[in-house]
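Each reported figure results from applying straightforward, stated rules to the coordinates on display, with no laboratory input. All figures in this text were calculated on a predicted structure; none of them were measured in a lab. Counting neighbours? That spans all protein chains shown, and the Cβs are built from the backbone with ideal geometry, glycine included.
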Amino acid sequence: MNFVPTKLAGCYVIEPKIIQDERGYFMESFNEKTFQEGVEQAVHFVQDNQSFSTKGVLRGLHYQTGEHAQAKLVRVLQGEVLDVAVDIRPDSPTFGQYEAVLLSDENKKQFFVPRGFAHGFLVLSETATFFYKCDNFYNKESEGGIAYNDKTINIDWQFSFENLIISEKDKVQPTIENAKKAW
């Protein structure tokens, strides 16, 4: 696996080693030892989640606060998404900045989003199956969110806002300046 650091300290794009032959392909999608060495931190995943969405569905930007904060390792099993992490660590030099990564079943890339980041994704293909590991259990009371269209962050979703499909909850998320503090 190749671990590519992003401009946001702690976030990595992970490119798997793919072995192809006439039967198809094989790849190791996760190895705890290799992963921890690659991201240079001890992360122990405790929960796997999967979602299915159609083109234009935007989920996010979400995070968990305090002792319930979560790191995520995300990938796409089928389809293509624009995956986004926003730095919400108050003392970070990149606070309020984002990283966007194209994840698909074709490129098989993964994106590691550590604790202290809001996360979301937009489905670009007709459908997408999204899979992610979390290093902490979900806690409803610790839920936080930021508006997908926050003008301060100014995410380029590479998609027309008029064609987005967004949950009622995500339509009313606060700006980063008014959001629940991560710590």
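For residue 147, nonlocal amide neighbours, meaning residues 5 or more places apart or on other chains whose placed amide H falls under 5 Å from its own, are 175, 176. 3J(HN,Hα) along region 37-43, derived from phi through the Karplus expression 6.51 cos²θ - 1.76 cosθ + 1.60 where θ = phi - 60°, amounts to 5, x, 9, 6, 7, 7, 10 Hz, with x in place of Gly and Pro. Its DSSP H runs of at least 4 residues, each contributing -39,500 (n - 2.57), put the calculated 222 nm mean residue ellipticity of the chain at -1500 deg cm²/dmol, to the nearest 500. In this simple spin-label model, placing a label point 7 Å from the Cα along the Cα-to-Cβ direction at both residue 15 and residue 159 gives a separation of 2.5 nm. For residue 133, the lysines whose Cα comes closer than 21 Å to its Cα, not counting residues fewer than 8 places off in the same chain, are 17, 33, 72, 108, 109. For region 43-178, the Cβ-based charge dipole about the Cα centre amounts to some 180 debye (Lys, Arg positive; Asp, Glu negative; other atoms uncharged). Excluding same-chain neighbours fewer than eight residues apart, the aspartates and glutamates reachable from residue 180 by a Cα-Cα span under 16 Å are 67, 87, 91, 141, 143, 150, 170. Report the calculated FRET efficiency for residue 143 and residue 181 (r = Cβ-Cβ distance, R0 = 22 Å), to the nearest 0.05. Between residue 143 and residue 181 the formula returns 0.95. When the charge dipole of region 43-178 is built from unit charges on Cβ atoms (+1 for Lys and Arg, -1 for Asp and Glu) and taken about the Cα centre, the candidate among 45, 117, 64 whose Cα reaches farthest toward its positive end is 45.
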